[in-house]
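The next block holds one structure in the form of C-alpha coordinates; read it before the comments.
The values are calculated or read from the model by the stated rules, or taken from the named source; none is laboratory data. From a predicted model like this one, the values you see are computed outputs, not experimental measurements. Cβ sites come from the backbone with ideal geometry, for glycine too, and all protein chains shown count toward neighbours.
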Amino acid sequence: MSDVDEMGAGQKQKILSIANRWLREMAGYTIFALSRKKVSKRIIIDTNKESERFEREVSIIMLGDFMVDTERNLIYGHEQFRSVNSKAMGVLKCLIKYQGEIVSKEVLSVESWPEGILYFNEVTTVIIQLRTLLKDSASSPLYIKTIGHKGYRLIMPVEQVSFGVFASHF
(Lines give C-alpha, C1' and ligand atoms only; values in the text may rest on other atoms or scores of the structure.)
Protein backbone atom coordinates (compact mmCIF):
# COMPACT_ATOMS: atom_id res chain seq x y z
CA MET A 1 0.00 0.00 0.00
CA SER A 2 1.43 3.37 -0.94
CA ASP A 3 1.61 6.36 1.37
CA VAL A 4 0.52 9.55 -0.39
CA ASP A 5 3.55 11.43 0.97
CA GLU A 6 5.92 8.95 -0.68
CA MET A 7 4.46 9.54 -4.15
CA GLY A 8 5.84 12.07 -6.59
CA ALA A 9 3.58 14.83 -7.94
CA GLY A 10 3.38 13.15 -11.36
CA GLN A 11 2.35 9.84 -9.84
CA LYS A 12 -0.33 11.50 -7.67
CA GLN A 13 -1.73 13.32 -10.69
CA LYS A 14 -1.75 10.11 -12.74
CA ILE A 15 -3.69 8.26 -10.03
CA LEU A 16 -6.13 11.16 -9.60
CA SER A 17 -6.67 11.27 -13.35
CA ILE A 18 -7.33 7.53 -13.51
CA ALA A 19 -9.67 7.73 -10.50
CA ASN A 20 -11.59 10.58 -12.10
CA ARG A 21 -12.03 8.67 -15.36
CA TRP A 22 -12.94 5.47 -13.51
CA LEU A 23 -15.64 7.25 -11.53
CA ARG A 24 -17.05 9.01 -14.58
CA GLU A 25 -17.11 5.95 -16.84
CA MET A 26 -17.77 3.06 -14.51
CA ALA A 27 -19.50 4.28 -11.40
CA GLY A 28 -21.67 7.02 -12.88
CA TYR A 29 -20.08 9.70 -10.73
CA THR A 30 -18.38 12.93 -11.69
CA ILE A 31 -15.65 14.70 -9.78
CA PHE A 32 -16.13 18.45 -9.97
CA ALA A 33 -12.95 19.48 -8.16
CA LEU A 34 -9.89 17.59 -7.06
CA SER A 35 -8.00 18.16 -3.87
CA ARG A 36 -5.24 16.12 -2.33
CA LYS A 37 -5.25 15.66 1.41
CA LYS A 38 -3.48 13.12 3.56
CA VAL A 39 -6.04 11.21 5.58
CA SER A 40 -5.00 7.81 6.89
CA LYS A 41 -2.58 7.33 4.00
CA ARG A 42 -5.32 7.84 1.38
CA ILE A 43 -5.71 10.20 -1.53
CA ILE A 44 -8.95 12.08 -1.07
CA ILE A 45 -10.97 13.23 -4.04
CA ASP A 46 -13.49 15.85 -2.93
CA THR A 47 -16.32 17.77 -4.58
CA ASN A 48 -17.42 21.34 -4.01
CA LYS A 49 -21.08 20.62 -4.75
CA GLU A 50 -23.66 20.31 -1.98
CA SER A 51 -25.71 17.63 -3.73
CA GLU A 52 -25.81 13.95 -2.81
CA ARG A 53 -22.38 12.82 -1.67
CA PHE A 54 -20.83 9.44 -2.02
CA GLU A 55 -17.89 8.07 -0.11
CA ARG A 56 -16.08 4.93 -1.01
CA GLU A 57 -12.61 3.59 -0.54
CA VAL A 58 -11.23 2.39 -3.84
CA SER A 59 -8.25 0.11 -4.18
CA ILE A 60 -6.54 -0.14 -7.53
CA ILE A 61 -3.53 -2.03 -8.75
CA MET A 62 -1.08 0.00 -10.80
CA LEU A 63 0.77 -2.20 -13.27
CA GLY A 64 3.09 0.00 -15.31
CA ASP A 65 0.88 2.30 -17.37
CA PHE A 66 -2.24 0.29 -16.54
CA MET A 67 -4.77 0.30 -13.74
CA VAL A 68 -6.23 -3.10 -12.92
CA ASP A 69 -9.75 -3.13 -11.49
CA THR A 70 -10.11 -6.70 -10.23
CA GLU A 71 -13.60 -6.00 -8.87
CA ARG A 72 -15.03 -5.24 -12.32
CA ASN A 73 -12.59 -7.29 -14.46
CA LEU A 74 -11.27 -4.19 -16.23
CA ILE A 75 -7.89 -2.90 -17.28
CA TYR A 76 -7.56 0.82 -17.92
CA GLY A 77 -4.65 2.16 -19.93
CA HIS A 78 -3.88 4.27 -22.95
CA GLU A 79 -7.16 6.19 -22.37
CA GLN A 80 -9.29 3.04 -22.75
CA PHE A 81 -11.10 0.58 -20.52
CA ARG A 82 -10.68 -3.00 -21.65
CA SER A 83 -12.91 -5.77 -20.39
CA VAL A 84 -11.13 -8.90 -19.19
CA ASN A 85 -12.81 -12.30 -18.94
CA SER A 86 -12.78 -14.03 -15.56
CA LYS A 87 -10.14 -16.59 -16.57
CA ALA A 88 -7.74 -13.87 -17.73
CA MET A 89 -8.34 -11.77 -14.60
CA GLY A 90 -7.77 -14.86 -12.45
CA VAL A 91 -4.44 -15.53 -14.16
CA LEU A 92 -3.44 -11.87 -13.84
CA LYS A 93 -4.36 -11.81 -10.13
CA CYS A 94 -2.27 -14.95 -9.61
CA LEU A 95 0.71 -13.40 -11.42
CA ILE A 96 0.29 -10.25 -9.30
CA LYS A 97 0.14 -12.36 -6.12
CA TYR A 98 3.46 -14.01 -7.00
CA GLN A 99 4.95 -10.90 -8.66
CA GLY A 100 8.58 -11.46 -9.62
CA GLU A 101 8.41 -15.22 -9.05
CA ILE A 102 8.07 -17.97 -11.63
CA VAL A 103 4.49 -19.27 -11.61
CA SER A 104 3.89 -22.65 -13.24
CA LYS A 105 0.96 -23.35 -15.53
CA GLU A 106 -0.31 -25.79 -12.90
CA VAL A 107 -0.38 -23.10 -10.19
CA LEU A 108 -1.99 -20.62 -12.59
CA SER A 109 -4.60 -23.23 -13.48
CA VAL A 110 -5.47 -24.21 -9.91
CA GLU A 111 -5.38 -20.73 -8.33
CA SER A 112 -6.98 -18.71 -11.09
CA TRP A 113 -9.86 -20.96 -11.99
CA PRO A 114 -11.11 -22.66 -8.80
CA GLU A 115 -14.58 -23.31 -10.28
CA GLY A 116 -13.21 -25.76 -12.80
CA ILE A 117 -10.13 -26.92 -14.60
CA LEU A 118 -8.15 -24.49 -16.69
CA TYR A 119 -6.12 -26.69 -19.02
CA PHE A 120 -2.50 -25.84 -19.78
CA ASN A 121 -3.26 -24.83 -23.37
CA GLU A 122 -5.97 -22.51 -22.01
CA VAL A 123 -3.37 -20.90 -19.73
CA THR A 124 -1.23 -20.19 -22.80
CA THR A 125 -4.25 -18.70 -24.59
CA VAL A 126 -5.05 -16.51 -21.57
CA ILE A 127 -1.42 -15.30 -21.38
CA ILE A 128 -1.65 -14.31 -25.07
CA GLN A 129 -4.89 -12.41 -24.33
CA LEU A 130 -3.27 -10.60 -21.39
CA ARG A 131 -0.25 -9.67 -23.48
CA THR A 132 -2.55 -8.26 -26.14
CA LEU A 133 -4.47 -6.20 -23.55
CA LEU A 134 -1.23 -4.92 -22.02
CA LYS A 135 0.35 -4.29 -25.43
CA ASP A 136 3.15 -6.66 -24.42
CA SER A 137 5.10 -9.17 -26.51
CA ALA A 138 6.59 -12.56 -25.76
CA SER A 139 9.81 -11.74 -27.61
CA SER A 140 10.46 -8.45 -25.80
CA PRO A 141 8.30 -8.56 -22.66
CA LEU A 142 7.61 -5.61 -20.39
CA TYR A 143 4.93 -7.27 -18.27
CA ILE A 144 4.79 -11.07 -18.58
CA LYS A 145 7.91 -13.08 -19.28
CA THR A 146 7.81 -16.72 -20.37
CA ILE A 147 10.28 -18.88 -18.47
CA GLY A 148 10.86 -21.87 -20.75
CA HIS A 149 9.24 -25.11 -19.53
CA LYS A 150 8.71 -23.56 -16.08
CA GLY A 151 5.93 -21.00 -16.37
CA TYR A 152 5.54 -17.24 -16.38
CA ARG A 153 6.81 -14.31 -14.36
CA LEU A 154 5.25 -10.88 -13.93
CA ILE A 155 8.25 -8.59 -14.41
CA MET A 156 6.56 -5.19 -14.20
CA PRO A 157 6.46 -3.80 -10.64
CA VAL A 158 3.02 -3.75 -9.05
CA GLU A 159 1.73 -1.06 -6.73
CA GLN A 160 -1.54 -1.23 -4.86
CA VAL A 161 -2.96 2.18 -4.07
CA SER A 162 -6.04 2.93 -1.97
CA PHE A 163 -7.83 6.25 -1.95
CA GLY A 164 -11.05 7.66 -0.61
CA VAL A 165 -13.61 9.07 -3.00
CA PHE A 166 -16.18 11.75 -2.23
CA ALA A 167 -18.18 12.60 -5.33
CA SER A 168 -21.53 14.06 -6.28
CA HIS A 169 -23.81 11.70 -8.13
CA PHE A 170 -24.23 12.85 -11.72
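When the range 103-128 is filtered for residues that are crowded, with 16+ Cβ neighbours inside 10 Å and among the charged types (D, E, K, R), the ones remaining, listed by number, are Lys105, Glu111, Glu122. Does any residue of the range 129-137 turn out to be more than 28 Å from Lys14 (Cβ to Cβ), exposed (fewer than 13 other Cβ atoms within 10 Å of the Cβ) and at pLDDT 95 or above? So far as the range 129-137 goes, no, none of its residues is more than 28 Å from Lys14 (Cβ to Cβ), exposed (fewer than 13 other Cβ atoms within 10 Å of the Cβ) and at pLDDT 95 or above. Once the range 138-151 is narrowed to residues that are modelled with pLDDT of 95 or more and exposed (fewer than 11 other Cβ atoms within 10 Å of the Cβ), the residue that is farthest from Asn121 (Cα to Cα) is Ser140. Each residue in the range 75-118 was checked for being more than 26 Å from Lys14 (Cβ to Cβ), part of a loop (DSSP other than H, G, I, E, B) and modelled with pLDDT of 90 or more, and 4 of them qualify. All but one of (1) farther than 19 Å from Ile75 by Cα; (2) touching a helix residue (DSSP H, G or I) at 6+ places or on another chain (Cβ under 8 Å); (3) surrounded by fewer than 21 Cβ atoms within 10 Å (Cβ to Cβ) hold for Gly100; state the number of the condition that does not hold. It fails just one condition, (2).
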